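First up is the structure itself, then whatever we jot down about it.
The values are calculated or read from the model by the stated rules, or taken from the named source; none is laboratory data. None of these values were measured; they are calculated from a predicted model. All Cβ positions, glycine included, derive from the backbone under ideal geometry; neighbour counts span all protein chains shown. For accessibility, only protein heavy atoms count, side chains too; no ligands or nucleic acids. Shrake-Rupley method; radii C 1.70, N 1.55, O 1.52, S 1.80 Å.
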Amino acid sequence: MFHSGARTIAALIALMLTPLLAEALEFKSVAVPKATLYDAPSASAKKILLLSQNYPVEIIVNLGEWLKVRDAQGAISWVEAKQLSDRRTVMVITANAEIRSGADATSNLLATLEKDVVLEIADAKLTNGWLKIKHRDGITGFILISSVWGFN
């Protein structure tokens, strides 16, 4: 059984960890036509990948001018912060993902998408597991959140 001092310490530790546990994932998208990703936070580091405009990335570490990011495949690398935007996008991660007119499986089917298609988030509020998105061709509708990557 805990003494009151041990309970107080346990409560303080729990309170200190709460912000870390409650912190939401942060996502951004590539703002430039091609963003260069590096293996370290320096322009002289090894270039490892190019990402196309609007590609979503998860921010893992923010050093101000450099951001450590994770892409949809789970690869971790560094990118200059100026190459990213706060514009929210998601990437389709399943084959034949459906865009529906409403936030349910019985709504009209507007389009079927292949894997790796990037979509703009039209409304960041989930509705019964559906996310409102906009396709680059102008179609606006709902997609199952389990069909995309880049949303918290």
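Side notes on the structure shown:
- Unmet requirement for Gln73, which otherwise passes all of (1) at pLDDT below 95; (2) open to solvent by less than 30 Å² (accessible area, probe 1.4 Å): (2)
- Residues within region 105-114 that are touching a Ser or Thr at 6+ places or on another chain (Cβ under 9 Å) and not in a loop (DSSP other than H, G, I, E, B), tallied: 3
For every residue, the table says whether it meets (1) touching a residue at least 60 places away in the same chain (Cβ under 8 Å); (2) part of a loop (DSSP other than H, G, I, E, B).
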{"residue": "Val69", "(1), (2)": "no, no"}
{"residue": "Gly74", "(1), (2)": "no, yes"}
{"residue": "Val79", "(1), (2)": "no, no"}
{"residue": "Lys82", "(1), (2)": "no, no"}
{"residue": "Thr94", "(1), (2)": "no, yes"}
{"residue": "Ala103", "(1), (2)": "no, yes"}
{"residue": "Asp116", "(1), (2)": "no, yes"}
{"residue": "Lys125", "(1), (2)": "no, no"}
{"residue": "Asn152", "(1), (2)": "yes, yes"}
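- Subset of region 124-152 [of a type in the set (D, E, K, R) and modelled with pLDDT of 95 or more]: Lys132, Lys134
- Region 127-138 - residue that is over 24 Å from Leu51 (Cα atoms) and part of a loop (DSSP other than H, G, I, E, B) and, of those, farthest from the chain's Cα centre (by Cα): Asn128
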